[in-house]
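The values are calculated or read from the model by the stated rules, or taken from the named source; none is laboratory data. As the structure is a prediction and not an experimental result, all values here were calculated from the model. Cβ placement follows ideal geometry from the backbone for every residue including glycine, while neighbour counts extend to all protein chains displayed. These accessible areas exclude ligands, DNA and RNA; they are computed on the full protein's heavy atoms, side chains included. Shrake-Rupley method; radii C 1.70, N 1.55, O 1.52, S 1.80 Å.
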Protein chains: 2
Amino acid sequence: MPENETNADENVIFVGNKPPMSYVLAVVTQFNGGSDEVTIKARGRAISRAVDTAEITRNRFIKDAKVKSINIGTETITNEEGKTSNVSSIEITLTTKK
Amino acid sequence: MPENETNADENVIFVGNKPPMSYVLAVVTQFNGGSDEVTIKARGRAISRAVDTAEITRNRFIKDAKVKSINIGTETITNEEGKTSNVSSIEITLTTKK
């Protein structure tokens, strides 16, 4: 699964292990490119970084952005040996719609 | 600030650096003690663990618990030298109300 990928088509930013500002830049770029909604997704330990990304974007860069929705869930991951494990996930959607 | 404290009076569980199951146990104990709503709070890197706590509680122990609300924010912390820094926070409220 791609963890550091940004998907421009669907306005989804996947947060991985890079510094938060990398993802903030990606989110800000989406908004400045004309999107009025961006979804930030993360799994496992990157969840904290997804929250940082949303907060830094709102507080410092896109001040009219609001949190539209936050969803949490559990995903099942299968490793190379066929063993499965559960990992938590989060989806934070920011919007500039009034 | 108390990070590992559980506050029985307000049904708030503060998630810190212990293993997630410590906090799951605290949440389950709250529900089994008659509470119909429990709020899980965390800051910084413990945010991922707060999501784990909510998900494990819902999926394995309190199956009729639903996510009532999730809020994220930013708190300013002052260290011993008087320097301030910002840290992200999360509040997840689980409810068994129908």
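At-a-glance table
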item: Residue list for the range B:34-53, restricted to those being of a type in the set (Val, Ile, Thr) and under 12 Å from residue A:51 (Cα atoms); result: B:47, B:51
item: Count of the range B:60-91 residues which are in contact (Cβ under 8 Å) with a residue 12 or more places away in the chain and part of a loop (DSSP other than H, G, I, E, B); result: 3
item: Hey, residue A:1 assigned to a helix (DSSP H, G or I) and either out of contact with any strand residue (DSSP E or B) (no Cβ under 8 Å at 6 or more places or on another chain) or at pLDDT below 95 (or both) or not; result: no
item: Neighbours by Cβ (under 8 Å, 6+ apart or cross-chain): first from the range B:29-56, free of Cβ contacts under 8 Å to residues at least 24 places away in the same chain and facing another protein chain (nearest Cβ under 9 Å); second open to solvent by less than 50 Å² (accessible area, probe 1.4 Å) and part of a strand (DSSP E or B); result: B:48/A:88; B:55/A:72; B:55/A:73; B:55/A:88
item: Check on residue A:83, on the phi < 0 side of the Ramachandran plot, at pLDDT below 95, exposed (fewer than 15 other Cβ atoms within 10 Å of the Cβ) and more than 9 Å from chain B (Cβ to nearest Cβ); result: yes
item: Residue satisfying condition, being loosely packed, with under 14 Cβ neighbours inside 10 Å and more than 9 Å from chain A (Cβ to nearest Cβ), within set B:93, B:78; result: B:78
